[in-house]
Amino acid sequence: KRMTPDAILHLRTILRRLSPDLVHMHALPAGSFGRTALLGTCIQSIYHLHTLISAAHHPTRGMILRERLLAPRTGKIIAVSREVAVDYVRTFKLAPEYLTILAGGVPDKDPLDRHKTRKKLGLPEKELIGCCVASLTPHKRHSIMLKALSLVRDVHLILVGDGPLMEPLQQEAGQLGIGNRVHFPGLQKEVHPFLSASDFFLLSSFPREGMPLSVLEAGRASIPSIVTNVGGLPEVIRDGWNGFLVRFIQSAW
């Protein structure tokens, strides 16, 4: 719903009726909506920041004033990375003490045999395979990976995920002549097999990213990552040690 007075009052009525001990809100729109509805109640709240707000929402003066009002009245504000926290503090001109930095985590998984996993997934057994796990949305910049793939031979790419760019990306892969080397398994509940079958992980997000669990899952699968130097990615990828950080040059694409 749009954040109108009627919508806020409706949500406030629902929350008072349910009387939860805690309300968890994810990202700026829900965070603004939910915390406004909670004003004046005794219900505790957690507001979760998962990306660079300045790049994702380009906050207006009104949004900044609203956040400065709501922040002191929020139980906990959690940022998934240091860079997300810095961006929030800088954007809304708030004290760092309002935030707690808490990166996500992934559960342990038993290692999978790469040869058997590739065979099970119908992937080539001997060629180099890269994998990206991300929503098929504009700021993930999948087209960059497709263009890069078109410049090399004997390399395959798995794009795990779903989103509005599924069909355009499939068409682009065909136009680039790499349709037979790009695999679109769609949204997957379990991504560990796809990562275990791969040789490296790719993520080309720009201009924003938080702390994607997919890059942590790649590390769990013991494969290196090649990612853009944005958001919280440099906090988990050490260039030249467990992967490579790539500076995004927008004019090049």
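The values are calculated or read from the model by the stated rules, or taken from the named source; none is laboratory data. Note that the coordinates shown come from a computational prediction; the quantities given were computed from them, not determined experimentally. Counting neighbours? That spans all protein chains shown, and the Cβs are built from the backbone with ideal geometry, glycine included. Note: accessible area is taken over every heavy atom of the protein model, side chains too, but ligands, DNA and RNA are not part of it. Shrake-Rupley method; radii C 1.70, N 1.55, O 1.52, S 1.80 Å.
Some values worked out for this structure:
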| quantity | calculated |
| --- | --- |
| Lys, Arg +1 and Asp, Glu -1 on Cβ, resulting dipole of region 114-253 about Cα centre, debye, nearest 20 | 260 |
| Backbone HN-Hα couplings from phi across region 139-146 [Karplus 6.51/-1.76/1.60, Hz, Gly and Pro as x] | 6, 7, 6, 4, 4, 4, 5, 5 |
| Whole-Hz ³J(HN,Hα) from phi, Karplus 6.51 cos²θ - 1.76 cosθ + 1.60, for region 85-96, glycine and proline x | 5, 4, 5, 5, 4, 5, 5, 9, 6, 10, 6, x |
| Share of carbon and sulfur in the accessible heavy-atom surface of region 6-62 [1.4 Å probe, %] | 59 |
| Correct choice for log10 I(q)/I(0) by the Debye sum over Cα atoms at q = 0.10, 0.14, 0.18 Å⁻¹ that was computed from the model, options (i) -0.49, -0.93, -1.39; (ii) -0.58, -0.99, -1.31; (iii) -0.49, -1.05, -1.87 | (ii) |
| DSSP-assigned coil residues among trypsin sites (Lys or Arg not before Pro) in region 178-214, each with at most 14 further Cβ atoms within 10 Å | K189 |
| Summed side-chain charge close to H139 - residues other than H139 whose Cβ falls under 11 Å, Lys, Arg +1, Asp, Glu -1 | +2 |
| As computed over region 85-143, the Cα convex hull volume per residue (Å³) | 161 |
| Calculated from backbone phi, Karplus (6.51, -1.76, 1.60) coupling profile of region 57-65 in Hz, x at Gly/Pro | 10, 6, x, 7, 4, x, 5, 5, 4 |
| Ellipticity estimate at 222 nm from DSSP helix runs (n ≥ 4, -39,500 (n - 2.57)) divided over the chain, nearest 500 | -10000 deg cm²/dmol |
| Rounded if a/c under 1.5, otherwise prolate or oblate - region 119-253, Cα gyration tensor axes | rounded |
| Hydrodynamic radius (Kirkwood) for region 1-99, which is based on Cα pairs only, to one decimal in Å | 13.7 |
| Portion, in percent, of the accessible area of region 97-253 that falls on carbon or sulfur, probe 1.4 Å | 54 |
| Long-range tail of P(r) for region 176-232 (Cα pairs > 14 Å, %) | 61 |
| At most 14 other Cβ within 10 Å, DSSP loop - GluC sites (Glu not before Pro), region 131-236 | E190 |
| Percent of alpha-carbon pairs separated by more than 15 Å within region 109-182 | 56 |
| Gap separating the Cα centres of region 183-214 and region 86-116, nearest whole Å | 16 |
| Amide H partners (placed H, <5 Å) of Q44, local residues excluded | V23 |
| Per residue accessible area of the chain, 1.4 Å probe, in Å² | 54 |
| Neighbourhood charge, 9 Å Cβ-Cβ cut-off, centred on L38 and excluding it, Lys, Arg +1 and Asp, Glu -1 | +3 |
